[in-house]
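What follows is a set of notes on a single structure, which appears directly below.
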Amino acid sequence: MLEPKSPISKWRWAAALLIMLGYVGLLGYLGAKQAGPDGISSPLLPNSTWKLLFVCTSELLLFGLAFLLFWILTRVTRDDLKLHVTRPLRIFRRGFLYSIALRAFIAVMVILTTVIISLLTHRPPQQLEGLRPKTENLVDFAALINDPLYFAVAVTLVSFGLGGFREELWRTTVFAAFHHLLPPNWRGTFGKVLAVLTAALVFGLGHLSQGWGGVYITALLGVALGWIIIHHNSLWEAALAHGFFDATSFTILYLLARYYPEALKLQ
């Protein structure tokens, strides 16, 4: 008869959680340092396809190292990470529809926030530059509009690999750590809300290179994606929604940079 597995010590879960939170915090710090406090030095994503592929590979390897340490410490399971797949076509459909809902949610929240801050500060919305995500800190627009292969990598590997799968797998590691660290009577709604908000805040700060407007928007996005994971008890709907959201964001940036560059402050 097999011996039951010994429970993983809470200190190991705490150490694993710190590794994953620190991973995103480090990315946010390096991105903000590269962009500078007031302006930009160079976009986070490089300006050539091969360099972009190298960045994707290196970031996936770095995440793989952090995840390996997390697994060694916790022996986290597929159930913990919500990796089981059932009815893939339904998951795909939900992910696509959620991506549309996410964009509507972000748009409404940004408009409401802009109006509220404008009323409180007595400044017209047009002057609230701090709320604008600094997309110029993210991608080289010239490469995006002039190199079709670069654009293809951005809307596939960057959007679904780095953005969708990697970041939502990271989110489920945070949820798993919270679940095992919290007392059993806290693992209901309170614990889930705490995990979602913590992951969303760190996720937002991980995008500090895009300014505080970018932090706010990505934190909102993190709350919504966390809710999707909790609601479906699955990583995949959120990963696909995130991937489609990022892919359409790159497409919108491409269209704006080519046909309406003044909207991106390129003129």
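The values are calculated or read from the model by the stated rules, or taken from the named source; none is laboratory data. Worth saying up front: this structure is predicted, and the values here are computed from it rather than measured. Note that each Cβ is placed from the backbone with ideal geometry, even for glycine, and that neighbours are counted across all protein chains shown. These accessible areas exclude ligands, DNA and RNA; they are computed on the full protein's heavy atoms, side chains included. Shrake-Rupley method; radii C 1.70, N 1.55, O 1.52, S 1.80 Å.
Brief remarks on what is shown
- Residue match in region 49-56 (condition: open to solvent by 40 Å² or more (accessible area, probe 1.4 Å), over 27 Å from residue 20 (Cα atoms) and in contact (Cβ under 8 Å) with a residue 40 or more places away in the chain): no
- Here residue 144 does not qualify as open to solvent by 50 Å² or more (accessible area, probe 1.4 Å) and either under 22 Å from residue 247 (Cβ atoms) or modelled with pLDDT of 95 or more (or both).
- Of residues in region 57-103 being closer than 16 Å to residue 161 by Cα and among the hydroxyl-bearing types (Ser, Thr, Tyr), the one surrounded by the fewest Cβ atoms within 10 Å (Cβ to Cβ): 58
- Counted residues, region 63-87 - those being in contact (Cβ under 8 Å) with a residue 24 or more places away in the chain, farther than 18 Å from residue 15 by Cβ and either in a helix (DSSP H, G or I) or in contact with a strand residue (DSSP E or B) (Cβ under 9 Å, 6 or more places away or on another chain) (or both): 0
- Checking each residue in region 222-236 for being open to solvent by less than 10 Å² (accessible area, probe 1.4 Å) and of a type outside the set (Gly, Ala, Ser) picks out 225, 228, 229, 235.
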